Amino acid sequence: MNRVWRVGAKVLAGLFVTAMYAMPQANTISARPGVINYIEGNATFDGRPLAPNNQQQPIMSVNDTLSTTDGKAEVLLTPGVFLRIGDNSEIRMVSPSLINTQVELTHGEAMLEVDQLVKDNHIAVLVDGGSITAEKTGLYRVTADQAPTAAVIDGKAEVVSGDKKVELGKGHETALGPVLKAQKFDSKKEDDLYAWSNVRSEYDAQASYQAAKNVYVNNYYDGLWGGWGAGWGPGWFWDGGFDSWAWLPFDGAFYSPFGWGFYSPSLVWYASVVPGHGWHGHHGMVPVDPRAPGVGTATRSVHANQVARAQLARTFAGSGFRSASGAHIAASRAGGFAGGEGFHGGGFAGGGFHGGGGGGHR
């Protein structure tokens, strides 16, 4: 969700790059939002059943619809932004523009995970004549049936309905209608879509981690602090091992609201990692936010997830982390980064790359 190093170039110019599991290729497809990345259960695209997950999943154009019955789906928007819909839900693509991305939730529920939001990037979910626009990285939830609502689990958003407008902060929601009023919501309520999104975010991070290592190893990055190698740009890479597109940031490190990490090839070897749940037989490592180590347990509610994070945090407090290169990062050193020190500041996990001024931020 939160970046710890300011990106040196906008990601809006990023490319969808076709990549095999072992080595990215130079082939590209459209960078516009709307790629259907993952389907669980039964779903249809413009009324037609979708085939099992593969690289040939359709890309949503204007007025295309994606519907689920007993299933869930994940759609890629701009690089670092994931839209997930729950059971018995439907979305319609309104605008697949990179600078003005709009998706309408026509019924059911949707969750928007924003791990990177750059300047001039407008991302909104429309519902019942209103809209919720993400103003910061975070996690947002929208419901469309009966009494439509917009909620901010983490982050900040602007909600508009008719001629009314309200700002929502973390832990607040509003009903959509003639009166908009920010109020706290029950974060302990059982939430299946939240738990599923947590698991998907972990798998997305694991696919990104593998792709970033492959990009680096295969010399698609010219030196640790140099420029991008020929044929490579920031954006989405196809990872055949995970049957999924993987998000690779242009530079720096970003974290999902669940605590999973997304690293550029220049920093992937410094990632703090823990064993992953595994996906399609994979049981490799997954990067985590070293400032919030208690991740890795999917639960059915926000409250239960927070409890699980706290329990795992106590476990890692004694053992520390292991980086992608295999080096051990002691818990005391990881605590230095937990204090908010960035890559150019006090350092990653207390060590420091450049040891200068600046600081990381959540």
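Which numbered condition in (1) assigned to a loop (DSSP other than H, G, I, E, B); (2) within 23 Å of residue 170 (Cβ to Cβ); (3) of a type outside the set (A, V, I, L, M) is the only one that residue 113 fails?
All conditions pass for residue 113, except number (1).
When you scan the range 1-98 for strands (runs of 3 or more DSSP E) that lie fully inside it, which ones turn up with 3 or more residues that are within 19 Å of residue 204 (Cβ to Cβ), of a type outside the set (Lys, Arg) and at pLDDT 95 or above? Break it down stepwise before answering.
Values: elements: 15-19, 24-29, 35-45, 65-76, 81-85, 90-96.
Per the criteria, 65-76, 81-85.
Please determine whether any residue of the range 169-187 is closer than 25 Å to residue 287 by Cβ, touching a residue at least 40 places away in the same chain (Cβ under 8 Å), of a type in the set (Gly, Ala, Ser) and not in a strand (DSSP E or B).
Within the range 169-187, not a single residue is closer than 25 Å to residue 287 by Cβ, touching a residue at least 40 places away in the same chain (Cβ under 8 Å), of a type in the set (Gly, Ala, Ser) and not in a strand (DSSP E or B).
Here is a list: 237, 258. Which entry is touching a strand residue (DSSP E or B) at 6+ places or on another chain (Cβ under 6 Å), at pLDDT 60 or above and buried (at least 22 other Cβ atoms within 10 Å of the Cβ)?
When all the criteria are applied, what remains is 237.
Listed residues 61, 67; which is crowded, with 16+ Cβ neighbours inside 10 Å and among the polar types (S, T, N, Q)?
Criteria check complete, one pass: 67.
The values are calculated or read from the model by the stated rules, or taken from the named source; none is laboratory data. Keep in mind it's a predicted model, so treat the numbers as computed, not measured. For neighbour counting, all protein chains shown are included, and Cβ atoms are generated from backbone atoms with ideal geometry for every residue, glycine included.
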